[in-house]
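The values are calculated or read from the model by the stated rules, or taken from the named source; none is laboratory data. This one's a predicted model, so the numbers in the text were calculated from it and none came from an experiment. Note: ideal-geometry Cβ built from the backbone for every residue, glycine included; neighbour counts use all protein chains shown. Ligands, DNA and RNA are excluded from the accessible area calculation, which covers all protein heavy atoms including side chains. Shrake-Rupley method; radii C 1.70, N 1.55, O 1.52, S 1.80 Å.
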Amino acid sequence: MRIIDLRGKRLTRAAMLEAMPRAEMGTREAHDLVAPILEDVKSRGAAALRDFGEKFDHIRPEHLRVPVEAMREALNNLDDGVRAAIEESVRRIRAVCSSQVPEDFHTDLAEDARVSQRWIPIERVGLYVPGGKAVYPSSVIMNVVPAQTAGVESLAIATPPSRKNDQGLPDATILATCAILGVDEVYAVGGAQAIAMFAYGARGGEPQDGEVLCDPVDKITGPGNIFVATAKSMVSGMVGIDAVAGPTEIAILADKTAKPGWVAADLIGQAEHDELAGSVLITDSEELAAAVQAELDKRVPRTEHAERVATSVTGRQSGIILTDDLDQSVAAANAYAAEHLEIQTADPDAVVPRIKNAGAIFRGPYSPVPLGDYMSGSNHVLPTGGTARFAVGLGVHTFMKPVEVIEYDKRGLKTLAARINAFAVSEDLPAHGECVLSRFIDDPYDKATLADQERKAGL
């Protein structure tokens, strides 16, 4: 791994952010490829989806919407051990999500003057579950459970056809997970074309599709490759999105007490996702850095996806950041704003409160990232690429909208009418004031008598 040596340097905020390792996304090229896909799906619906399935997934699905019977069959054939793991994962994240549900509240500002806030579930959501180099039934859980807990009425899932299925159906474990969660609207559609289907809806192209294959959604969530991320960015504004996700990443903030083999294993585990995945060690111990590098040299060739991992850990998005001390390590971690931040120090409880920017914090050596990927009860759909400085991970809040309700009766408005009018006039928006005054005086447009009218009305 390359070394980024910050020792002895007093960096400005801008310089610290610039020093952080990042992947090159190539979004401009992706935009040019995605734009015609979006337009074609918008124009031709299911016919375009089948064409793109044949082009990108090398199969032309007969059923773009997965038959419910196929999901039941997948569940019946699911390995007992895998089913038990999925059900435990669901149980734990559902328990955490139940604690996330926000409560309505109201504030009484005066007699007959109240502002309240309601949390309203989004009506219809499209959940994207990636395929590609791995299979992600865990992402089904991470998207569906908080949406269900929020009270979303209509959930649709899109996920690519499996290369192992000659009928063009998605991976059987993903379908079984959908069945466990009670989701029956699942589409064998991947990539940017799935995002287009969710954003615009898609009319049917063959009898089994029906007249309307898929209705448009109000919000799209879930991770994906650069084409999925670019498509989400391009349709945002017409529909809501959770985030534009980049390649996955881990940062490990460690000191000399960390076990090199464990640190190396955790870096490898994240690098396994993708050649562009970021694996970053932040440490003030040169000895630990050397020991971790030695462990990587031993372990990377022995892991199953060795070539992918090697490309990731030696890429520009990965590296070992050497610091002067724990304070500078914390500063570097906050600048990097990792999707996943592990803290492996002598006193992790002293470090956790100092972290301001991270998608999720994994405290101590026995809280590795895969725990959060599958079974901790936390959500693994998290902000990437430094966006944890201002963005948050998926949760119940993602699928709800806070809406204020303004409740003023006659007396409550009357006490403010003259002040509202004064404010409106100062902004050169007199009609704003006139609409309020109309409730209490006969002619708010007669400026010559306005003060007298206000006085007689008790304003």
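Residues are listed down the side, and each one gets a yes or a no for (1) crowded, with 21+ Cβ neighbours inside 10 Å; (2) without any contact (Cβ under 8 Å) to a residue 40 or more places away in the chain; (3) closer than 25 Å to ALA391 by Cα; (4) in contact with an Asp or Glu (Cβ under 7 Å, 6 or more places away or on another chain):
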site: PRO301; (1), (2), (3), (4): no, yes, no, no
site: GLU304; (1), (2), (3), (4): no, yes, no, no
site: ARG308; (1), (2), (3), (4): no, no, no, yes
site: THR323; (1), (2), (3), (4): yes, no, no, yes
site: SER329; (1), (2), (3), (4): yes, no, yes, yes
A careful count of residues in the range 105-127 that are within 26 Å of LEU213 (Cβ to Cβ) and open to solvent by 10 Å² or more (accessible area, probe 1.4 Å) gives 4
Residue hits (the range 107-122; in contact with a helix residue (DSSP H, G or I) (Cβ under 6 Å, 6 or more places away or on another chain), closer than 30 Å to SER154 by Cα and either free of Cβ contacts under 8 Å to residues at least 24 places away in the same chain or in a strand (DSSP E or B) (or both)) are PRO121
Mind listing whichever residues of the range 205-233 are surrounded by fewer than 20 Cβ atoms within 10 Å (Cβ to Cβ), touching a helix residue (DSSP H, G or I) at 6+ places or on another chain (Cβ under 9 Å) and modelled with pLDDT of 95 or more?
PRO216
Number of positions in the range 78-95 that are touching a residue at least 24 places away in the same chain (Cβ under 8 Å), within 22 Å of THR398 (Cα to Cα) and open to solvent by 60 Å² or more (accessible area, probe 1.4 Å)
2
Got a sec? Which of ALA179, ALA192 is touching a Leu at 6+ places or on another chain (Cβ under 6 Å), of a type outside the set (Asp, Glu) and either in contact (Cβ under 8 Å) with a residue 24 or more places away in the chain or open to solvent by 20 Å² or more (accessible area, probe 1.4 Å) (or both)?
ALA179
Select from the range 22-37 the residues that are touching a Phe, Trp or Tyr at 6+ places or on another chain (Cβ under 8 Å) and not β-branched (Val, Ile, Thr) and write down the one among them that is nearest to ALA333 (Cα to Cα).
ALA30
Restricting attention to the range 343-351, does a residue exist that is open to solvent by less than 20 Å² (accessible area, probe 1.4 Å), at pLDDT below 95 and touching a strand residue (DSSP E or B) at 6+ places or on another chain (Cβ under 8 Å)?
no
Residue check: is VAL140 β-branched (Val, Ile, Thr) and either without any contact (Cβ under 8 Å) to a residue 60 or more places away in the chain or out of contact with any Ser or Thr (no Cβ under 7 Å at 6 or more places or on another chain) (or both)?
yes
Could you grab me the full set of residues in the range 260-286 that are under 17 Å from ARG308 (Cβ atoms), open to solvent by less than 30 Å² (accessible area, probe 1.4 Å) and assigned to a loop (DSSP other than H, G, I, E, B)?
ALA277
Based on what the data block shows, is ILE220 touching a Phe, Trp or Tyr at 6+ places or on another chain (Cβ under 9 Å) and either on the phi > 0 side of the Ramachandran plot or in a strand (DSSP E or B) (or both)?
yes
Based on what the data block shows, is ALA289 at pLDDT 95 or above, among the aliphatic types (A, V, I, L, M) and open to solvent by less than 30 Å² (accessible area, probe 1.4 Å)?
yes
Give the residue, chosen from ASP184, ASP166, that is touching a residue at least 60 places away in the same chain (Cβ under 8 Å), charged (D, E, K, R), more than 25 Å from HIS58 (Cβ to Cβ) and in a loop (DSSP other than H, G, I, E, B).
ASP184
From the residues in the range 135-159 that are at pLDDT below 95 and open to solvent by 20 Å² or more (accessible area, probe 1.4 Å), which one is nearest to ARG92 (Cα to Cα)?
PRO137
Do we find that ALA199 is open to solvent by less than 50 Å² (accessible area, probe 1.4 Å), within 30 Å of VAL309 (Cβ to Cβ) and either basic (Lys, Arg) or not in a loop (DSSP other than H, G, I, E, B) (or both) in this structure?
no
Looking at ALA245, ALA251 in this structure, which one is in a loop (DSSP other than H, G, I, E, B) and closer than 18 Å to GLY372 by Cα?
ALA245
Can you work out which of the residues in the range 359-370 that are touching a residue at least 60 places away in the same chain (Cβ under 8 Å) and open to solvent by 30 Å² or more (accessible area, probe 1.4 Å) is farthest from PHE390 (Cα to Cα)?
PRO365
Being in contact with a Pro (Cβ under 8 Å, 6 or more places away or on another chain) and either at pLDDT below 95 or among the polar types (S, T, N, Q) (or both): is that true of VAL239 here?
no
Can you report the number of residues in the range 243-259 which are at pLDDT 95 or above and open to solvent by 30 Å² or more (accessible area, probe 1.4 Å)?
3
